[in-house]
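One structure below.
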Amino acid sequence: MLIRRPSDILPSEITPRELFLRRRDFLKTAAGAALLTAFPAIAAEKLAGARNSLFSTTETPTPYKDVTTYNNFYEFGTDKSDPVEKAQRLNTRPWSIAVEGLVKHPRTFAIEDLIKLAPLEERIYRMRCVEGWSMVIPWLGLPLATLLKQVEPQGAAKYVEFISAADPQSMPGVKSRVLDWPYVEGLRVDEAMQPLTLLALGLYGEVLPKQNGAPVRLVVPWKYGFKSAKSIVKIRLVEKEPNTAWMKANAHEYGFYSNVNPAVDHPRWSQATERRIGEFQKRKTLPFNGYAAQVAQLYAGLDLQKFF
Ligand SMILES: Nc1nc2c(c(=O)[nH]1)N[C@H]1C(S)=C(S)[C@@H](COP(=O)(O)O)O[C@H]1N2
Ligand SMILES: [Mo]
């Protein structure tokens, strides 16, 4: 069994009691028991993955408690505390992602299929929200490129569209008009194939908490946090630039590219600095969130003041 004894759990990892009880209840159900037999790694709390040091920052990860209680997930409300308080009702099993559009082999991947595509890797990434705060998060996942190679994008495919779940029954925020649901994000195909772009299934060595986008979310560390769509149900390969939820809400403030760029202010505030959660002094924000060496060449010849 992979469930840890209390003595194995660091204080920083202790999850809210309600979460723990729900997990325990899930494991007691027939579905939970069947999953546990077939896929022990995903049904238990723990999720294993060897650290990929080439892609990981050596900076200190933000405490588990902050990573899992200070969240943006508007499907559950707009307060930072709404996701942890309200997302626990989201049913994340069974779950699948339909991959369709301009691909040679359209296919629906159950979560269990994703785990079989490649060994999960731990990648410690810097993440920066457009609001001006940042965190360092040890993700567990697989490169999005691994999934895309399975379906083989057609030549005409230029963009990848990511569509999140939008279930008014379990997602109270979907009843509000704050965004045009479902949450939609997009990348160019070459950005999606960039080795840093991750499909995350876990963090801190365990299954992704619901407030962080369970069971599967995108992670694009050189772009503002909102590009990293949570609880994805569909991925579409398309010819035209997707109209993302944030562009629909305010195209003037949120462009398609959304690369972390300290030289381009948000119309209402500067992006020159950020506050790392847990620190008091502000840090200078780095171009492409510190990943310029890996990704800057993707934008050679593109005016990043215009294509913000
Ligand atoms: N579906 C969906 N995905 C989303 C969001 C959202 O509201 N809905 N918020 C985004 C924003 S603004 C940020 S900063 C990150 C936050 O991820 P985290 O809570 O895991 O740190 O998720 C992004 N993905
Ligand atoms: Mo964000």
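The values are calculated or read from the model by the stated rules, or taken from the named source; none is laboratory data. Treat the numbers as computed from the prediction; the structure is a model and nothing was measured. Glycine gets a Cβ as well: all are built from the backbone with ideal geometry, and neighbour counts include every protein chain shown. The accessibility values were calculated without ligands, DNA or RNA, using every heavy atom of the protein model including side chains. Shrake-Rupley method; radii C 1.70, N 1.55, O 1.52, S 1.80 Å.
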Checked region 218-240 for anything open to solvent by 20 Å² or more (accessible area, probe 1.4 Å), of a type in the set (A, V, I, L, M, F, W, C) and near ligand 1 (Cβ under 8 Å from one of its atoms); matches are PHE226
Taking region 243-293 and keeping only residues that are farther than 13 Å from VAL130 by Cα and in a strand (DSSP E or B), one is left with ARG283, LYS284
Flagged in region 107-144 as open to solvent by less than 10 Å² (accessible area, probe 1.4 Å) and not in a strand (DSSP E or B), in numbering order, are ILE111, LEU114, LEU144
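Residues GLU191, GLU152: which one is under 16 Å from the mean Cα position of the chain (by Cα), among the charged types (D, E, K, R) and either within 16 Å of ligand 2 (Cβ to nearest atom) or modelled with pLDDT of 95 or more (or both)?
Working: GLU152 fails: under 16 Å from the mean Cα position of the chain (by Cα).
Residue meeting the stated conditions: GLU191.
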When (1) open to solvent by less than 40 Å² (accessible area, probe 1.4 Å); (2) assigned to a loop (DSSP other than H, G, I, E, B); (3) of a type in the set (Val, Ile, Thr); (4) closer than 18 Å to CYS129 by Cα are applied to VAL67, the one that fails is (2)
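Can you tell me which residues in region 157-172 are more than 16 Å from ligand 2 (Cβ to nearest atom) and in contact with a helix residue (DSSP H, G or I) (Cβ under 8 Å, 6 or more places away or on another chain)?
Of the residues in region 157-172, the ones more than 16 Å from ligand 2 (Cβ to nearest atom) are 157-161, 163, 165-172.
Within region 157-172, ALA157, LYS158, TYR159, VAL160, ALA165, ALA166, ASP167, PRO168, SER170, MET171, PRO172 meet the criteria.
Identify, from the list ALA166, ALA214, the residue that is open to solvent by less than 10 Å² (accessible area, probe 1.4 Å) and either in contact (Cβ under 8 Å) with a residue 24 or more places away in the chain or in a helix (DSSP H, G or I) (or both).
Details: ALA166 fails: open to solvent by less than 10 Å² (accessible area, probe 1.4 Å).
Answer to the selection: ALA214.
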With the first residue restricted to region 280-304 and required to be on the phi < 0 side of the Ramachandran plot, and the second required to be hydroxyl-bearing (Ser, Thr, Tyr) and surrounded by 10 or more Cβ atoms within 10 Å (Cβ to Cβ), Cβ contacts under 7 Å at 6 or more apart or on different chains are LYS282/THR273; ARG283/THR273; LYS284/THR273; THR285/THR273
When restricted to LEU203, LEU208, the only residue assigned by TED's automatic domain parsing to the domain that holds GLU121, crowded, with 24+ Cβ neighbours inside 10 Å and out of contact with any Lys or Arg (no Cβ under 8 Å at 6 or more places or on another chain) is LEU203
Take LYS175 and decide whether it is open to solvent by 30 Å² or more (accessible area, probe 1.4 Å) and touching a helix residue (DSSP H, G or I) at 6+ places or on another chain (Cβ under 7 Å).
no
